[in-house]
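The values are calculated or read from the model by the stated rules, or taken from the named source; none is laboratory data. Everything numeric here is computed off the predicted structure, so don't read it as measured data. We place every Cβ from the backbone using ideal geometry, glycine too, and count neighbours over all the protein chains shown.
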Amino acid sequence: MKSQSPDPGPFGVMVHKEIADHIRSWRFAILIALIVLTFIAAMYVSLSNIKSAIGNTKDPDHLFLYLKLLTTTDNSIPPFHVFLSFLAPLLGISLGFDAVNSEQNSGTLSRLMAQPIYRDNLLLAKFVSALVIVSGLFFALALLMIGGGLILTGVRMEPQELLRILGFIVITVTYVAFWLSLSIMLSILFKQAATSALTAIGIWLFFTIFYQIVINLIVKSFLPDPAYLTQAEIISYNDLILNLQRIAPNQLYSDAVTTLLMPSVRSLGPVTMEQMAGAIPAPLPFKESIMIVWPQVSGLLASAIGCFALAYYLFMRREIRS
Amino acid sequence: MKDPIIQLKGLTKQYGGVKAVDGLNLNINKGEIFGLLGPNGAGKTTTILMMLGLTDPTSGTAFVCGHNATSNPIPVKKKVGYMPDSVGFYDHMTALENLVYIGRLNSVPEKELKKRSTEVLEIVGLSADQHKKTSAFSRGMKQRLGLADVLIKNPEVIILDEPTLGIDPTGVRDFLALIKQLSRQHGLTVLLSSHHLHHVQQVCDRVGIFVNGRLLAQGDISALSAQLFGTNSHITSIKLPQLVPQPWPLESELQAWETVNKITISENELEFTGSRDITAKLVRFLVEKGYDVISVNQKYYGLDDIYQKYFESNSTKDISYEKSIS
């Protein structure tokens, strides 16, 4: 409890106030409702299909009950982690799009900046407070799911499953952090909250819908007819497309969480027959899955930090006028 | 005299090709109330922002309380309370909550915070409204809460940007009286900017006239008028019961006085312009000559005239109007 310690310092005070603001805001209540509803719907569908999923002995992951709870679906709605790959940006954007410009427009920014606080503390407080809330929300949901699963099925949980689910949460929070820092950066760049919100949503839509189309179009324009290519060339083109797609943060995110939640995924790119020969379809240990997604996770982290650094750069020397 | 608490040296701020503040040199001493007077867009706000490190000067330095405001703004902000011209509050919080938040940011100990904020609200006269949300506050109340905000950190210097903007006349009078009282009681240095000369005239010890980014004149009001009107700073007008004949026989005699520069006669009124106060002498002279004096009026140049004079000389220039930058 930071607020009860003798002197939390200005940064602690600001984080405290920002968290309180978020929690009391309607915006956050609506977002929570949206995510909780999604979660309940996904859980409902997976619970009603869990029996067949566990019984499917052809699937090497069929014994991971709790991972199955998160990923099973009967195709009526997408599983929770796919939902999150487009809800999480929304969460990040809506918590950050007016972080700085609303303060500026209401005249509180110059009042705040006239206090003895470092400028970066303001940005950091905005960022940290939203992240604290988001991680609280996701951890609560994950723990609820685990607890509910335990009560409903009575199946013991593998330590590996817990680690994987926690890993999933951490990656999701990192993903939200990226969108959050992007939207905070836009909120510094644009004076109007509406402009920054629209820009952030535009970027989000671009990456979720148009980016793949654009990549396909571009690659197709110079891709020779596959019939004349050797196996190795086809693979290299395929790699190129995949790598281009991995510029999109949502691709990184879905790669990372799919690998974590489905232990039998061993590679995110194409696998040759030689590589497959002799492989037994079995779940990978947790450490190996982490090794596979490490580039994705560091990519997400890097883009989040990059956006934050840009926000910092834009904000540090700017003129604060009411 | 002590070292000045605010020292500006060659302070310049350029926006594109426009110089908002041009080579400003200004010293403000401890405990005085200084009024920065100028029309809209003269660069007053920009100057204030530079004193707080909220914007970087293009050249020159601003030292406040012994610290460089540009490179080391935190110790400056610890000692300086700043009230921006359109002060804003968090609308969803009450006045007290807003105040307590600022108090916490200034590391006021939690134990004292409650007592201190109630005291400060008492001083500015908002005790009754402390639990109201600030969204319901009128402009004048916001202004007073802004002052409370400034006072809670126990500042050594108070900088008020257009503190009287948008408050009604009684509100202005109370507000200025409050500032003056606070300054005298606690030895606070106050810098206030305004384009309302009357407000400034009421409270300021010294005034700086600021037009187009340059400080044209500074000093107390009488020094300013002397500087500006030179030998013509005193006017005495005397009314007589009867019409003054034209030409007036005594005119040449009076013209010979060293201190009289100009005599204007209109109907039954005589106006003497001179470098010194000669009212008593004039009256005695007229009475001795057998004139009845029914009224004597002594005029000295107020800020109004000073202000007018400066703007006249600048009206040829196109003054780019207010907050073109914001």
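Hey, could you check segment A:197-212 for residues that are of a type in the set (Ser, Thr, Tyr) and at pLDDT below 95 and say which is farthest from A:Lys126 (Cα to Cα)?
The residue in question is A:Tyr211.
Return the residues of segment B:87-145 that are in contact with an Asp or Glu (Cβ under 9 Å, 6 or more places away or on another chain) and among the small types (Gly, Ala, Ser); say none if nothing qualifies.
Of everything in segment B:87-145, those that are in contact with an Asp or Glu (Cβ under 9 Å, 6 or more places away or on another chain) and among the small types (Gly, Ala, Ser) turn out to be B:Gly88, B:Ala95, B:Gly103, B:Ser107, B:Gly125, B:Ser135, B:Ala136, B:Gly140.
Kindly indicate the residue of segment A:103-143 that is free of Cβ contacts under 8 Å to residues at least 24 places away in the same chain and away from chain B (no Cβ under 14 Å) and also nearest to A:Pro8 (Cα to Cα) among those meeting that condition.
A:Gly136
Condition check: under 30 Å from B:Lys309 (Cβ atoms) and crowded, with 24+ Cβ neighbours inside 10 Å. Does B:Leu54 satisfy that?
No; evaluated as a whole, the condition is false for this residue.
Which residues, taken from segment B:158-168, are buried (at least 23 other Cβ atoms within 10 Å of the Cβ) and among the hydrophobic types (A, V, I, L, M, F, W, C)?
Within segment B:158-168, B:Ile158, B:Ile159, B:Leu160 meet the criteria.
Name the single residue, out of those in segment B:95-133 being within 14 Å of chain A (Cβ to nearest Cβ) and acidic (Asp, Glu), that is nearest to A:Gly9 (Cα to Cα).
Among those that are within 14 Å of chain A (Cβ to nearest Cβ) and acidic (Asp, Glu), it is B:Glu110.
What are the residues in segment A:188-242 that are in contact (Cβ under 8 Å) with a residue 40 or more places away in the chain and outside any helix (DSSP H, G or I), if any?
A:Phe190, A:Lys191, A:Gln192
Residue check: is B:Leu49 free of Cβ contacts under 8 Å to residues at least 12 places away in the same chain and under 20 Å from the mean Cα position of the chain (by Cα)?
yes
Conditions tested, residue by residue: (1) in contact (Cβ under 8 Å) with a residue 40 or more places away in the chain; (2) outside any loop (DSSP other than H, G, I, E, B).
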{"residue": "B:Leu121", "(1), (2)": "no, yes"}
{"residue": "B:His131", "(1), (2)": "no, no"}
{"residue": "B:Gly140", "(1), (2)": "no, yes"}
{"residue": "B:Leu160", "(1), (2)": "yes, yes"}
{"residue": "B:Leu176", "(1), (2)": "no, yes"}
{"residue": "B:Leu182", "(1), (2)": "yes, yes"}
{"residue": "B:Leu191", "(1), (2)": "yes, yes"}
{"residue": "B:His198", "(1), (2)": "yes, yes"}
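Before we move on, is A:Leu95 surrounded by 19 or more Cβ atoms within 10 Å (Cβ to Cβ), part of a helix (DSSP H, G or I) and within 14 Å of chain B (Cβ to nearest Cβ)?
no
Restricting to segment B:43-67, and then to whatever is in contact with an Asp or Glu (Cβ under 9 Å, 6 or more places away or on another chain) and not aliphatic (A, V, I, L, M), can you tell me which residue is farthest from the other protein chains (Cβ to nearest Cβ)?
For segment B:43-67, the residue satisfying everything is B:Gly66.
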